[in-house]
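Q: Here you go, one structure.
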Amino acid sequence: AYEIVSRDWSSDVCSSDLKATETDDPSLKIRARAGKVRTALRIAEYSLAQTEAEVLKTEAPRDADAVALYGDALWSAGLFDESEAVFEQALALNPGSSRARFGRARALTSVNKLDAALTEAQAALALAPRDGEIYAQIGAIYERMHRFDEAANAYTSFVNLLRSEEHTSELQSRE
């Protein structure tokens, strides 16, 4: 039952995003497609995310965040080597891209280069302190380094950030 509900919800969300990607405004089209990719990644529609991210990268090849989002889609599809190369491309476009640094941190973690991964994750966090995924990644890195107190602190920050976002959403829905 859950999978059916998820697929119905994802097709509704993604089809509404599709309308926005049919605009003549290039900036709006890129933002809409990026939103569609992020949505697909969050609801585990990895094939859709990869397909849409490929189009996004073609539409915005000089946009580091769009390129990094393509790397996220490749990572989610299990194409780890390919995603690492794409994150490097995104960093070449903009060394200040938090998503590209986050992607590099995940790639470094996967090959057990934990000190370098931690450095990249902390750089990503400095650029995007409200990105919960980065706290979770830092927690995972600390855990693999057997630095459990620091891992617990990172995971606590992640949970607190989720609670804060949840509270903000709740307040906005009341307005």
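The values are calculated or read from the model by the stated rules, or taken from the named source; none is laboratory data. Since the structure is predicted, the reported quantities are computational estimates derived from the model, not experimental observations. In this analysis, Cβ positions are derived from the backbone assuming ideal geometry, glycine residues included, and neighbour counts consider all displayed protein chains. What goes into the accessible areas is simple: the full protein's heavy atoms, side chains included, and nothing from ligands, DNA or RNA. Shrake-Rupley method; radii C 1.70, N 1.55, O 1.52, S 1.80 Å.
Q: Which whole-Hz couplings ³J(HN,Hα) result when phi for each residue of segment 49-61 is put into the Karplus expression 6.51 cos²θ - 1.76 cosθ + 1.60, θ = phi - 60°, listed in order with x for Gly and Pro?
A: Listing the rounded values in order: 4, 5, 4, 5, 5, 4, 5, 4, 5, 5, 6, 9, x Hz.
Q: Hey, another quick one. I'd like the carbon and sulfur percentage of the solvent accessible area for segment 36-106, probe radius 1.4 Å, heavy atoms only, ligands and nucleic acids excluded. Don't jump to the answer; show the numbers that get you there.
A: On the way: 1490 of 3150 Å².
Percent of accessible area from carbon and sulfur atoms in segment 36-106: 47.
Q: Which order do Tyr135, Tyr46 take when ranked by solvent-accessible area (1.4 Å probe, heavy atoms of all protein chains), largest first? Working shown, then result.
A: Numbers: Tyr135 45, Tyr46 95 Å².
Solvent-accessible surface, decreasing: Tyr46, Tyr135.
Q: Any chance you could look up the accessible area of Val55 with a 1.4 Å probe, heavy atoms only, rounded to 10 Å²?
A: Surface accessible to solvent at Val55 totals approximately 60 Å².
Q: Let me ask something additional. How much accessible surface area, in Å² rounded to 10, belongs to the heavy atoms of Leu93 with a 1.4 Å probe?
A: 50 Å²
Q: Can you tell me how segment 43-175 classifies by the Cα gyration tensor, rounded, prolate or oblate, using a/c under 1.5 as the rounded cut? It would help to have the intermediate numbers written out before the result.
A: Working: a/c = 1.83, a/b = 1.15, b/c = 1.59.
It comes out oblate by the Cα gyration axes.
Q: How many Å² of accessible area per residue for segment 21-175, probe 1.4 Å? Please report the intermediate quantities before stating the final value.
A: On the way: 8410 Å² over 155 residues.
It amounts to 54 Å² per residue over segment 21-175.
Q: State the answer as a single residue: which of Gly96, Leu161, Gly78 lies farthest towards the positive end of the charge dipole of segment 74-163, with beta carbon charges of +1 for Lys and Arg and -1 for Asp and Glu, about the Cα centre.
A: Value computed over the given set: Leu161.
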